[in-house]
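Student: Take a look at the following structure, please.
What follows draws every value from the coordinates through simple rules; no lab data is involved. It should be emphasised that the depicted structure is a prediction, and the values quoted were computed from it without experimental measurement. For neighbour counting, all protein chains shown are included, and Cβ atoms are generated from backbone atoms with ideal geometry for every residue, glycine included.
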């Protein structure tokens, strides 16, 4: 399937994506222009970098908690499987 075929098939989704994203893209472009004209680009970039550095340890903490919860769910699922296997084995003749 070529890009043209996909666009002909999903033109409504493409237009919807364009209509919803265009205001945000223009806001981003005009915001950067305004920051440049006002001389605040460096402060904005430093604030973004600081927030990114603060979010990094938080991301690792959230991932660690999610991995631990997934491990607990995995072990509980294994216990349920084993319990079902043990109860079924009692009914075999």
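Student: If you compute semi-axes √(5λ) of the Cα gyration tensor in Å for the structure shown, which of [x] 51, 29, 8; [y] 47, 19, 12; [z] 26, 15, 13 do you land on?
Tutor: After the calculation, the listed value that fits is [x].
Student: Where does the chain land at 222 nm, in deg cm²/dmol rounded to the nearest 500, when only DSSP H runs of n ≥ 4 count, each adding -39500 (n - 2.57), divided by all residues?
Tutor: -33000 deg cm²/dmol
Student: Stretch residue 69-residue 35 to full length: gain in nm at 0.36 nm per residue minus the Cα-Cα span? Kindly include the intermediate steps, with their values, before the conclusion.
Tutor: Details: separation 34, 0.36 × 34 = 12.24 nm, distance 4.29 nm.
Extra length available between residue 69 and residue 35 comes to 7.9 nm.
Student: Using only the alpha-carbon atoms, how far is helix 11-38 inclined from the longest principal axis of the chain? Give it as 0 to 90 degrees, nearest 10.
Tutor: For helix 11-38, the angle is close to 50 degrees.
Student: Mind sorting 3, 30 by how few other Cβ atoms lie within 10 Å of their own Cβ, fewest first?
Tutor: Fewest to most other Cβ atoms nearby, the residues stand as 3, 30.
Student: Can you tell me the 0 to 90 degree angle between the C-alpha axis of helix 41-90 and the longest principal axis of the chain, rounded to 10?
Tutor: For helix 41-90, the angle is close to 20 degrees.
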